[in-house]
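Worksheet: the structure to be examined is printed underneath.
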Amino acid sequence: MSSLSTCRPLRWSSCSAAPAAPPSSRPSRTGAFPRSRGRRRSSRPRALSVRAEAGVLKEDVVIVGAGIAGLATSVSLHRLGVKSLVLEQAESLRTGGTSLTLFKNGWRVLDAIGVGSDLRSQFLEIQGMVVKSEDGRELRSFRFKDEDDSQEVRAVERRILLETFADQLPPEAIRFSSKLAKIGRSENGETLLELVDGTRLSAKIVIGCDGVRSPVAKWMGFSEPKYVGYCAFRGLGSYPDGQPYGPRVSYVYGKGLRAGYVPVSPTKVYWFVCFNSPSPGPKITDPSILKNQSQELVRNWPSELLNIIDRTPDDTIIRTPLVDRWLWPVVSPSASSGSVVLVGDAWHPMTPNLGQGACCALEDAVVLAKKLADAINSGNGSVEGALKSYESERWPRIFPLTIRANLVGSLLQWENPVVCSVRNNVVIPKLIRIGPMLEHTNFACERL
């Protein structure tokens with residue numbers, strides 16, 4: 001195979017993203033996977049050993065990004081006998097952040113991948129939901145099982161989910177300190193990747209799982225996700241001696257402001273505060289400022305919110321401008337270009353108002369893995385055809401959910417007092433039917 005300097009790329013561009021960790025061809029000791037209960041693993045992942053030809057590393061499948069979408073895709077492929085290399089720009093798994101809510105469709109995928117039982121043992125099953133106004137008045141409450149006996153809802157710590165996925169992979173499957181700098185195509189149709197440390201790879205298949213600000217999506221012609229007009233504070237309250245809250249989601253709705261909390265485990269409670277803002281605002285990294293700002297927003301609201309925020313370690317508090325991208329037919333680029341394809345937020349970022357961002361990324365992972373494995377393992381299947389089939393199957397589900405999540409968020413972020421009164425006294429208690437609201441969580445998925 002020719003080196004990058006001698007092959008003539010058909011398409012080549014630089015990738016700009018968040019600042020990378022210091023370049024290195026090997027993961028440092030800080031890149032070690034934390035030990036999981038009852039399992040042994042090596043003290044740190046080994047650098048991938050691949051024979052180089054003319055300075056270019058040859059790979060069959062490369063996944064860009066070791067987040068939820070990237071690791072779920074890699075594990076799914078691994079289960080089906082297809083090896084992949086995951087490139088992660090950070091020095092280790094990015095286990096910061098808080099938690100995410102998974103409905104039954106997410107758990108169907110986790111069961112298919114083979115990690116559902118392990119995760120269930122660590123997190124509480126949420127029984128129902130209660131909605132209150134900012135003065136503490138209850139507007140609506142219900143139990144999930146009363147609406148759908150098969151429903152399953154749990155909040156899962158992002159850190160534990162990523163570590164669980166990583167535990168399923170060979171230690172050499174994830175390469176850290178590997179930020180993408182350039183992407184292009186060679187004359188033979190393979191995709192060329194250059195990292196900021198100078199490493200060059202040629203891949204037959206590239207799967208972009210590099211998040212909301214995906215450089216791979218940008219290279220494929222996708223626009224930047226659109227800011228939806230509100231931001232969210234999130235955190236994970238800690239109760240070492242046991243948290244006092246029942247297993248239900250609690251929401252509080254105000255005017256241009258809403259908040260909520262849900263128990264994650266016997267000792268942790270996830271919370272959020274969404275507030276309207278005309279612009280995303282400056283990036284704030286000082287956790288004490290983030291905590292003070294979130295507390296000020298709900299200062300006169302039910303006291304349990306302030307208590308949970310106060311019990312939150314600084315390193316778990318984040319502030320995020322919320323964005324989405326509507327995948328209009330004909331207008332939007334395809335999810336695949338040749339043998340390059342997008343998964344999860346890289347393709348379809350959506351607001352968290354339906355709790356489906358992570359669930360849809362998990363669905364993407366197993367659908368894509370099955371189609372790719374069938375094409376690769378059969379020996380006569382078309383990879384590009386498999387990628388187009390993945391898009392054809394996923395788009396009719398993703399596009400309506402993205403729009404629906406956006407509209408629900410707009411309803412909940414209303415500021416007009418009269419409109420908010422109608423919402424609280426008519427729409428929520430009398431018009432909304434919970435069963436149909438959760439129909440989108442139906443998803444059939446067989447074990448890989």
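The values are calculated or read from the model by the stated rules, or taken from the named source; none is laboratory data. Everything numeric here is computed off the predicted structure, so don't read it as measured data. Ligands, DNA and RNA are excluded from the accessible area calculation, which covers all protein heavy atoms including side chains. Shrake-Rupley method; radii C 1.70, N 1.55, O 1.52, S 1.80 Å.
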Original post:
Can you give the percent of C-alpha pairs in the range 186-286 whose distance is more than 22 Å?
Top reply: 59
Original post:
So what is the relative contact order of the chain, in percent, for Cα pairs below 8 Å that sit 6 or more residues apart?
Top reply: 21
Original post:
Considering the alpha-carbon set of the range 178-238 alone, what are its Rg and its Dmax in angstrom?
Top reply: 16.2, 55
**OP:** Report, ordered by chain and residue number, the aspartates and glutamates lying within cross-link reach of K370, taken as a straight Cα distance under 20 Å and ignoring same-chain residues fewer than 8 apart.
**Re:** E59, D60, D111, D345, E384, E391, E393, E446
Subject >> Kirkwood Rh and Cα Rg combined as Rg/Rh, the range 135-213 >> reply: 1.24
Subject >> Candidates P263, P244, P171: whichever shows maximal mean-square fluctuation once the chain is modelled as a Gaussian network with Cα springs under 10 Å >> reply: P244
Original post:
What pairs in K255/K430; K182/K218; K226/K388; K179/K218; K226/K268; K179/K204 have C-alpha atoms more than 22 Å from each other?
Top reply: K226/K388; K226/K268
Original post:
What is the Cα convex hull volume of the range 336-401 when expressed per residue in Å³?
Top reply: 66
**OP:** Show that you can apply the helix-only estimate: for the chain, add -39,500 (n - 2.57) for every DSSP H stretch of four or more residues, divide by all residues, and state [θ] at 222 nm to the nearest 500.
**Re:** -8500 deg cm²/dmol
Original post:
Using a 1.4 Å probe, what is the accessible area per residue for the range 180-335, in Å²?
Top reply: 41
Original post:
Regarding the chain, what are the three Cα extents along the principal axes, ordered largest first, in Å?
Top reply: 69, 47, 42
**OP:** Run the accessible area of the range 141-257 with a 1.4 Å probe and give the carbon-and-sulfur part as a rounded percent.
**Re:** 43
Subject >> Ratio Rg/Rh [Cα only; Rh per Kirkwood] for the range 111-263 >> reply: 1.08
Subject >> Euclidean distance between Cα centres, the range 376-428 to the range 291-360, Å >> reply: 14
Original post:
Among the DSSP beta bridges whose two residues both lie in the chain, what percent are antiparallel, rounded to the nearest 5?
Top reply: 70
**OP:** Considering only V426, V115, V86, give the residue with the highest GNM mean-square fluctuation for the chain, with springs between Cα atoms whenever their separation is below 10 Å.
**Re:** V426
Subject >> Most mobile listed residue (Q168, Q293, Q413) in the chain, GNM with C-alpha springs under 10 Å >> reply: Q293
Subject >> Value of relative contact order over the range 225-354, rounded to a whole percent, pairs C-alpha under 8 Å and six or more apart >> reply: 32
**OP:** Would you check the accessible area of M437, probe 1.4 Å, heavy atoms only, in square angstrom rounded to 10?
**Re:** 60
Original post:
From largest to smallest, what semi-axes in whole angstrom does the range 69-117 give when each is the square root of 5 times an eigenvalue of its alpha carbon gyration tensor?
Top reply: 20, 19, 7
Original post:
Just the Cα atoms of the range 296-448: what Rg and Dmax do they give in Å?
Top reply: 20.1, 65
